[in-house]
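The values are calculated or read from the model by the stated rules, or taken from the named source; none is laboratory data. This is a predicted model, so every value here is computed, not measured. Ideal geometry is used to build each Cβ from the backbone, glycine not excepted, and the neighbour counts take in all protein chains shown. Note: areas computed on protein heavy atoms with side chains; ligands, DNA, RNA excluded. Shrake-Rupley method; radii C 1.70, N 1.55, O 1.52, S 1.80 Å.
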Amino acid sequence: MRRHAGEEQRPHGTAARYNFATVLPAWIAVVSTLATAAELPPPFPPDPQQHLERTCFQTGQGWSGRGNLRSDVAIVYGIDTRLPQRIQTWRDRGYRIHVMTGVSWGDYQDYLYGRFDGVHHEDEAQTDRHGNKISHGGDVYYMCPGPSFGRFLCVGVQRALDAGAEAIHLEEPEFWVRGGYSEGFRREWRQYYGEDWQPPHSSVDAQWRSSKLKYFLYRRALQLVFDHVQESNRRTGRRVRCYVPTHSLLNYAHWRIGSPESSLARLEGCDGYIAQVWTGTSRTPNRFRGELRERTFETAFLEYGAMQNLVRATGRTVWYLNDPIEDNPDHDWGDYRVNWESTLVASLLQPEVWRYEVAPWPERVFGGRYPHTARPEDRQPIPPAYATELQVVMNALNDLNQRRVEWDCGTTGLGLFVSDSLMFQRGDPHPSDPHLSHVYGLALPLLKRGMPVAPVQLENVTIPRALDDFRVLLLTYHGMKPLAPDVHPPLANWVRRGGELVVFDDDSDPYHAVREWWNSDGRSYPTPRAHLFEELGLTGSLAETARSGARVAVGRGGVSWLRVNPAQLADSTGGEARVVDAVQRAAARAGLRWRETSHLLLRRGPYVIAAGLDESVPGPRMVLRGRWVNLFDPRLRVENEVSLDPGTRWFLLDLETVRGRQPRVLASAGKALPQENARGRLKLAVEGVAQTPGLLLLHSPKPPRVITLEGQPITDFEYGTAHRLLWIRFPNEARPRELTVRF
């Protein structure tokens, strides 16, 4: 997860970032040390579903009671010499072990100063146009990875392999847009392009070529590491996997950072991603109806959607990160909680993903005190109610692989194309819209009407069946360009099969003039859109019809072209109306039922995930009636009515789906694993984060006769005859204990 140094220049509108890899111990109230095996509690009993790796968390420390989230996987951060000891403390507690390390920055001094291969590599530090090295703090520089950089990373990764890691996470391959001026980068330019280096800010062509090179350099470095791990697998017979934790394409473009993104899924040995979306990325302001402000939920929804579409139809895996706080320590617990609920719900509204990183740095969540703007004595630890809520949700996330998936909201089947080249047009001399309005200006008018519009990765169109879920697709080449012509034939075929393509573009983007495939190697198209239209058969009189704004039939589908700069559509309600009108017409032709709602709602098995939307359509709010347990309620009480009012977020368990005569756990603040359930007795192994309130909610057809924890009676429980529910409360401990309920 991104950790910028406090002095690092940051994008407009983003929170200050902090380098937790080096300053995390100063952030938390309780600094854990590596525990010896004799000091550790016994391991938790095996969970038969743990091999699915449903949930994980990352930590830079050895095991501690405040970091004991009892997820399937502990991702141990860092590849320093103490890594094996840290790993062992988590393995001894029964966790599966992954290892994560930074790619673009880290303690790379051995590489920088010649101790790795006898060659000084200081000229590979990313450098801005004024000659300043771009630093993560001190001489921890963001790197411009040269040919040997991947080999250097392999040395540390080998340490993780030797320690028995089951997967390697290569975090955040990032190259700042304002970089590209170091001698190392100039050298790479000359070799890659066969021409003299040009300052990236000197022309749109130079900026574009600079971005393409940055994109290539980190892909090359990661391929070296992937190859190293694959060779180790062949040699040892193991199956160690490689993942890339990365921000979303939308966030990287917004923050003016380049990264290989979708291209990594095509590399041999890349098994998938962690989608690093959290409050800090999603609260970046965007523009809608002319107002620039934070829209954390909507931005997170689109960010998570973009990350899911990195792997759509590829067979790769993606986890969704949730962060109960964020990197900026200057907010209070109320702010953290509201925004975490928003990002969490946004992630759950992506039904194809059911794996989650439930927290980075859990010690700073359960051991931290905030806000840092207050005097040290006035900073507050995590409220007990929030600690309970977090653990209830973290455990529920193990159960999201559900077959039943049903939307009940606005029109579905809508998508908006995005390309990795969104990151290529963010720098001088003509950067695209600073608020990424060419994306949000098209997406927000639909999302605010309860339509779960999905960002669709343009580079993946060539994968068979990649577009099968979509009936209407929105496209602009303003602010991005197709990286290769091969995406156009399958897109044209999708239209011919009945898809409706709506193009928003006035062809005014200066980046149309860069040296690229559409105007080189025998092609002379003024824009890539012109090449697409030729593939669609829109030439001659049909091209003129499209140019006039009329919809043109193409096979069983059609194309509509609005000649407008899409970024300008975010400036007013009039621009919003143009988007909605065009998409509504396309939806009708595609056979979709047009529906506008002031909410998003998705059923996933027994769970209902919902969000009430502000800045939405007028009319009565949806009210859910039945028997619900709100998993955001730390008391887990039963509610008979849930109103989807603007700004509300809901993660509900539908009690109408709960049946059977056997008692079972419905929700738990802490791990509760059944060990025996027969002869009038339910026996559970329970464990949670130390010094937090434990809570169990059980379906219990009969009232209990006696409840014991480690043989001692529990008296703090409640049985509800009407709903046949049993609530049991006790203090959590970070060790396995036996809880028994006799009926």
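Summary table
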| quantity | calculated |
| --- | --- |
| For region 558-700: rounded, prolate or oblate by the Cα gyration tensor [a/c cutoff 1.5] | prolate |
| Area accessible to solvent at ARG256, 1.4 Å probe radius, in Å² | 90 Å² |
| Within the accessible area of region 568-715 (1.4 Å probe), percent carbon and sulfur | 47 percent |
| log₁₀ of I(q)/I(0) at q = 0.18, 0.19, 0.21, 0.22 Å⁻¹ - region 297-396, Debye sum with one point per alpha carbon | -0.86, -0.93, -1.07, -1.14 |
| Using a Förster distance of 56 Å, the FRET efficiency for ARG563-VAL706 (Cβ separation, nearest 0.05) | 0.15 |
| For region 597-743: relative contact order, % (alpha-carbon pairs under 8 angstrom, 6 or more apart) | 19 percent |
| Centroid-to-centroid separation of region 441-482 and region 642-714 [C-alpha atoms, Å] | 41 Å |
| Portion, in percent, of the accessible area of region 140-272 that falls on carbon or sulfur, probe 1.4 Å | 48 percent |
| Gap separating the Cα centres of region 199-248 and region 499-527, nearest whole Å | 27 Å |
| For GLY427, residues with placed amide H under 5 Å, excluding near neighbours | SER432 |
| Sum of -39500 (n - 2.57) over DSSP H runs of 4+, divided by residues of the chain (222 nm, nearest 500) | -8000 deg cm²/dmol |
| Distance in nm between pseudo-label sites at ARG465 and GLU166 (7 Å out along the Cβ direction from Cα) | 2.8 nm |
| Over 16 Å [Cα-Cα, region 622-692], rounded percent | 61 percent |
| Residue-normalised accessible area of the chain, expressed per residue, 1.4 Å probe, Å² | 35 Å² |
| Relative contact order (percent, whole number), the chain, Cα cutoff 8 Å, 6+ residue spacing | 12 percent |
| Under 29 Å between alpha carbons - lysine pairs in the chain that sit 8 or more apart or on different chains | 8 |
| Difference of contour (0.36 nm per residue) and Cα-Cα distance, TYR192 to LEU52 | 46.2 nm |
| ARG595 accessible area, assembled protein chains, probe 1.4 Å, Å² | 70 Å² |
| Region 31-138, relative contact order [Cα under 8 Å, separation at least 6], % | 22 percent |
| Kirkwood-type radius of region 450-572, with distances r between different C-alpha atoms, in Å | 15.0 Å |
| Theoretical gain in end-to-end length, LEU267 to SER524 [0.36 nm per residue, Cα-Cα removed] | 89.4 nm |
| R0 of 51 Å, Cβ-Cβ distance ASP92-ASP486: FRET efficiency to nearest 0.05 | 0.50 |
| Added length on full extension, which subtracts the Cα-Cα distance from 0.36 nm per residue, THR236 to ASP330 | 29.1 nm |
